[in-house]
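For reference, the structure discussed in these notes is given below.
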Amino acid sequence: MGGSRKKKKVAKQLQRLAEEEAAALEAEEVEQRGRHLQALSGATGAERELEELLFGDCLAAEEGELLQRLAGPPRRAAEDGGSLLRDSSDSEVENEAKSAFVSKAPAWVDEDDEAEEKVDMTHRYRRDLMKSDAEKILTKKKLKIRLEEQFQRAMGGVPAWADREYRKKSKRTRSDSGSDDDDDLLCRTGNFITTSESLPRGILEMKSCLPANQERLAEGKLSTVQFHPSAQVVMTAGRDRSVSLFQVDGIRNPKIQSIYLESFPIYKACFSADGEQVIATGTHHKMFYVYDMMGGSIIPVHQVRGMEDKFVKNFEVSPDGSFMLLTGTSGYLHLLSMKTKELISTMKVNGRSTASAFTSDSSKVYSYSKEGEVFIWDVRSRKCLHKFEDEGSLEGKSIAVSKNNQYVACGSVSGVVNLYTTDVCLKENNPKPVKAIMNLVTSATSVTFNPTTEILAVASNEADEAVKLIHIPSYTVFSNFPVFRRKQIYLTQSMDFSPRSGFFSIANNKGKALLYRCCNLELQEWNYTIKQIFYMEVEK
């Protein structure tokens, strides 16, 4: 009993002390308010103007309300044990500011833009955007869509920076990965600005080397020059009935081996996709030869069962090494198995086929006819997917597809080379080229892209020095090639870039395979597989 009385007595004393402390605090607050009222009554005009700027028209408000704003929420004593707490709710000033905020429309939204304003399409700057004569007037909305389509054709699709869905995904990916990369970047010092890896326009830094076939120049016209797909080797073939292989070092270019095909002037020669064979066709022969470099044997293919053509000249090898496409007469295209050299199927174009090219994935074939039409074939089904007319072409001469499958170049007899994007070629019957290259005045007999799709080489075999290199991203010609101080290119018969564009070679009618080193571009890291075939030491 005595213990419980003592506890009650102690609790009453604590409660009394808490009440006294709360009363003292309240008295202190009342005293502070009184002093502040005294100060307000004696405030100068400048002080009152400052208060009006800070608190609004506070002079018209009651002094109690002003004090309540200045003092904030009052303190209160808790009943359990007398602990003191502060009100955590927002102040009245903040609440008034939030309620006074009015959402406004975005500043970039203009009601006048929603009106269907008409645009005259016959203006010289917009005339090329017309698809027919009926589109002499378009709305701004339709013109915007047309400009977007033209931009996407030029870019080969929607670029990543303009794709909203792609940007949202990449933003989510960055937010999910956290800020570790940013923290790591801020914790280190150094030069984070690097030069652009893209090829600049205007001037191409090229160094002339000794001809690739310097140790065995061809006697007469050199019809083919081609780099090996994986080894430091270049092949030349010509009308002197020989196929020669040379090691490419840009200094001496030593000869590796030569083979001679009796009574067989070579029209074209080409490496297989794996680089283990060389296929060669003649100028007036029905047969063709296969040179097996691994076995060191020359295999003649006298007759392809199912083919009735008298001559076999032009052909293409698919990049995946599965097919060989022979260009026959009367518009026939013969698809052969690269492994067995047997006929798989035959396709037919309207008129006469003059040139063909595989896409980089070997799924399609672009065939250019003498009438200026391009046929697109599906290799698997051997069906014609689409056909379009090359703009302004009187007769087709050459065709090439870029390694990234973005561009198609068509060279015509007039010397004009039209450059198209592949997505447009697959959709429209009369596509507009992104660039018409008119630097040649004679037939464009050779067109080829470099492996990185930064350079397009165009040439003619009907005029000396008729070679031009075009910078793809800007569609401009490199002004420093060829150099006219000394004539050496003559009539261009064939052209090729090394696997990573470090070297560029031109075969002319004088029996030389001219070699140039491209200093702007990265040199090929060669795989020296050929040295085991020919028992030759090659320094890496």
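The values are calculated or read from the model by the stated rules, or taken from the named source; none is laboratory data. All values reported here derive from a predicted model rather than from experimental measurement. Quick reminder, even Gly has a Cβ in these numbers, built from the backbone with ideal geometry, and neighbours come from all protein chains shown. Side chains are part of the model used for accessible areas, which takes the heavy atoms of the whole protein and leaves out ligands, DNA and RNA. Shrake-Rupley method; radii C 1.70, N 1.55, O 1.52, S 1.80 Å.
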Would you work out which of PHE271, THR421, SER474 lies farthest towards the positive end of the dipole of the range 206-530? Charges go on Cβ: Lys and Arg +1, Asp and Glu -1. PHE271
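Given R₀ = 41 Å, what would the calculated FRET efficiency be for ASP292 paired with SER198, taking r from the Cβ atoms and rounding to 0.05? Provide the component values of the computation, followed by the final result.
Values: r = 41 Å, r/R0 = 0.99.
For ASP292 and SER198, the calculated efficiency is 0.50.
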Quick check: pseudo-label points 7 Å beyond the Cα along Cα→Cβ at GLN257 and THR442, how many nm apart are they? 3.6 nm
Going from most exposed to least, what order do ARG239, ARG252, ARG33 have by accessible area with a 1.4 Å probe? ARG252, ARG33, ARG239
Find, among the trypsin sites (Lys or Arg not before Pro) in the range 441-520, those assigned to loop by DSSP (not H, G, I, E, B) with at most 13 other beta-carbon atoms within 10 angstrom. ARG485, ARG486, LYS487
Could you give each residue of the range 504-513 its phi-based ³J(HN,Hα) in whole Hz, using Karplus coefficients 6.51, -1.76, 1.60 with θ = phi - 60°, and x for Gly or Pro? 9, 10, 10, 9, 10, 7, 9, x, 10, 9
Karplus-derived 3J(HN,Hα) from phi for the range 264-269 (6.51 cos²θ - 1.76 cosθ + 1.60, θ = phi - 60°), whole Hz, x at Gly and Pro, runs 9, x, 7, 8, 7, 9
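Can you tell me the dipole magnitude for the range 467-515 around its Cα centre, using point charges on the Cβ only (Lys, Arg +1; Asp, Glu -1), in Debye to the nearest 20?
Working: 7 positive and 1 negative charges, 52 e Å.
So the magnitude is around 240 debye.
Would you kindly state how much longer the chain becomes between LEU426 and GLN32 on full extension, computed as 0.36 nm times their sequence separation minus their alpha carbon distance, in nm to one decimal? Can you show the working numbers first?
Working: separation 394, 0.36 × 394 = 141.84 nm, distance 8.54 nm.
Using 0.36 nm per residue and subtracting the Cα-Cα distance, I get 133.3 nm.
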How large is ³J(HN,Hα) for each residue in the range 364-371, as worked out from phi by the Karplus curve 6.51 cos²θ - 1.76 cosθ + 1.60 (θ = phi - 60°), to whole Hz, x for Gly and Pro? 9, 10, 9, 10, 9, 9, 5, 7
Once amide H atoms are placed 1.01 Å from N in the peptide plane, what residues at a sequence separation of 5 or more from GLY372, or on another chain, have their amide H within under 5 Å of its amide H? GLY396
Can you list the residues, at least 5 places off or on another chain, whose amide H is less than 5 Å from the amide H of LYS221, using H built in the peptide plane? ARG239
With label points set 7 Å from each Cα along the Cα-to-Cβ direction at CYS384 and LYS136, the distance between them in nm comes to 3.6 nm
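Per 0.36 nm of contour for each residue apart, how much would the distance between GLN488 and LYS348 grow if the chain were fully extended, relative to their Cα-Cα spacing? Provide the component values of the computation, followed by the final result.
Numbers: separation 140, 0.36 × 140 = 50.40 nm, distance 4.02 nm.
Computed gain between GLN488 and LYS348 is 46.4 nm.
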Show the residues, 5+ positions off or on another chain, whose built amide H is closer than 5 Å to the amide H of ALA355. TYR368
Which pairs, out of LYS403/LYS510; LYS255/LYS370; LYS144/LYS364; LYS268/LYS370; LYS313/LYS348; LYS131/LYS387, put more than 28 Å between their alpha-carbon atoms? LYS403/LYS510; LYS255/LYS370; LYS144/LYS364
For ARG127 and LEU394, what does the FRET efficiency come to when R0 = 25 Å and r is the distance between their Cβ atoms, rounded to the nearest 0.05? 0.55
Full-stretch length increase - ASP309, LEU25 - with 0.36 nm per residue and alpha-carbon distance subtracted: 90.8 nm
Between the range 351-382 and the range 212-234, what is the separation of their alpha carbon centroids in Å? 27 Å
